[in-house]
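K.L.:
My questions all concern the structure below.
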Amino acid sequence: MMKNFLLVGIGGMSGALLRYSVMLTAPDMLVLWLENGIGSLVLGWLTGRAVASGKTASVFWTTGVLGSFTTFSTFSAEWLGFMQENIIGAIFYGLGMTLICFLAAALGFKIGGGST
């Protein structure tokens, strides 16, 4: 059990540093799209591999790295800000982000060997 705590902690630190790197290098409007899209794809891939191999996905990668790399809370806060400015644009933003992340996760799952 202590091993998993350490794996999640080290993974979380790694994911946070990766996220910060994206924030420093990508245009502001793309940061959340990149983080959440890539994170969804990779999580789907890891899950597909785990299902295909009959194993459990590593907490280092899932809860640790990807848990701190992707961010639903920032997405929610940004979406709320858009709602206050432009309700129609905000609806497209929220639905678009959700759809892209779902499709990325499904694609990753399929690539990872899981069946859909």
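K.L.:
Which sequence of Thr71, Thr62, Thr98, Thr25 reflects their accessible areas, 1.4 Å probe, from the largest down? Before the final figure, lay out the partial values.
P.N.:
On the way: Thr71 5, Thr62 35, Thr98 80, Thr25 115 Å².
Final ranking, largest accessible area leading: Thr25, Thr98, Thr62, Thr71.
K.L.:
In debye, nearest 20: dipole of the chain around its Cα centre with unit charges on the Cβ of K, R (+) and D, E (-)?
P.N.:
Working: 5 positive and 4 negative charges, 121 e Å.
The calculation lands at about 580 debye.
K.L.:
Let me ask another. Within the P(r) computed for region 23-86, what percentage of the Cα pairs occupies the region above 16 Å?
P.N.:
Working: 1097 of 2016 pairs.
Above the 16 Å cut-off, region 23-86 has 54 percent of its Cα pairs.
K.L.:
Please compute the contact order of the chain in relative form: average sequence separation of alpha-carbon pairs under 8 Å and at least six residues apart, divided by the residue count, as a percent. It would help to have the intermediate numbers written out before the result.
P.N.:
On the way: 150 pairs, mean separation 48.3, N = 116.
Once normalised by length, the contact order is 42 percent.
K.L.:
For the chain, report the accessible area per residue in Å² (1.4 Å probe, heavy atoms, rounded to an integer).
P.N.:
Values: 7470 Å² over 116 residues.
Spelled out: the 1.4 Å probe surface of the chain, per residue, equals 64 Å².
K.L.:
Cα axis of helix 2-25 to longest principal axis of the chain: angle in degrees, 0 to 90, nearest 10?
P.N.:
It is inclined by approximately 40 degrees.
K.L.:
Leaving ligands, DNA and RNA out of it, report the carbon-plus-sulfur percent of the accessible area of the chain at a 1.4 Å probe. Mind showing how you got there, number by number?
P.N.:
On the way: 5500 of 7470 Å².
Carbon and sulfur atoms account for 74 percent of the accessible area of the chain.
K.L.:
Counting only the heavy atoms of the protein chains, how much of Met83 is accessible to a 1.4 Å probe, in Å² to the nearest 10?
P.N.:
80
K.L.:
Angle check, please: helix 87-111 long axis (alpha carbons) against the longest principal axis of the chain (alpha carbons), in degrees 0 to 90, nearest 10.
P.N.:
Between the helix axis and the principal axis of the chain, the angle is about 20 degrees.
K.L.:
Using only the alpha-carbon atoms, how far is helix 72-85 inclined from the longest principal axis of the chain? Give it as 0 to 90 degrees, nearest 10.
P.N.:
10
K.L.:
Here is a follow-up. Given the whole protein assembly as supplied and a 1.4 Å probe, what does the accessible area of Lys3 come to in Å², nearest 10?
P.N.:
Result for Lys3: roughly 150 Å² accessible.
K.L.:
Follow-up question, since we're still on this one. Taking 7 Å along the Cα-to-C-beta vector as the label spot, tell me the Ile87-Leu99 distance in nanometres, rounded to one decimal.
P.N.:
2.1
K.L.:
Given a cut-off of 24 Å, what percent of all Cα-Cα pairs of the chain lie beyond it? Please report the intermediate quantities before stating the final value.
P.N.:
Values: 2155 of 6670 pairs.
In whole percent, the share of Cα-Cα pairs in the chain beyond 24 Å is 32.
The values are calculated or read from the model by the stated rules, or taken from the named source; none is laboratory data. Not measured: the values here are computed from a predicted model. When we count neighbours, we look across all protein chains shown, and the Cβ atoms used for this are built from the backbone with ideal geometry, even at glycine. SASA here: full protein model, heavy atoms, side chains in, ligands and nucleic acids out. Shrake-Rupley method; radii C 1.70, N 1.55, O 1.52, S 1.80 Å.
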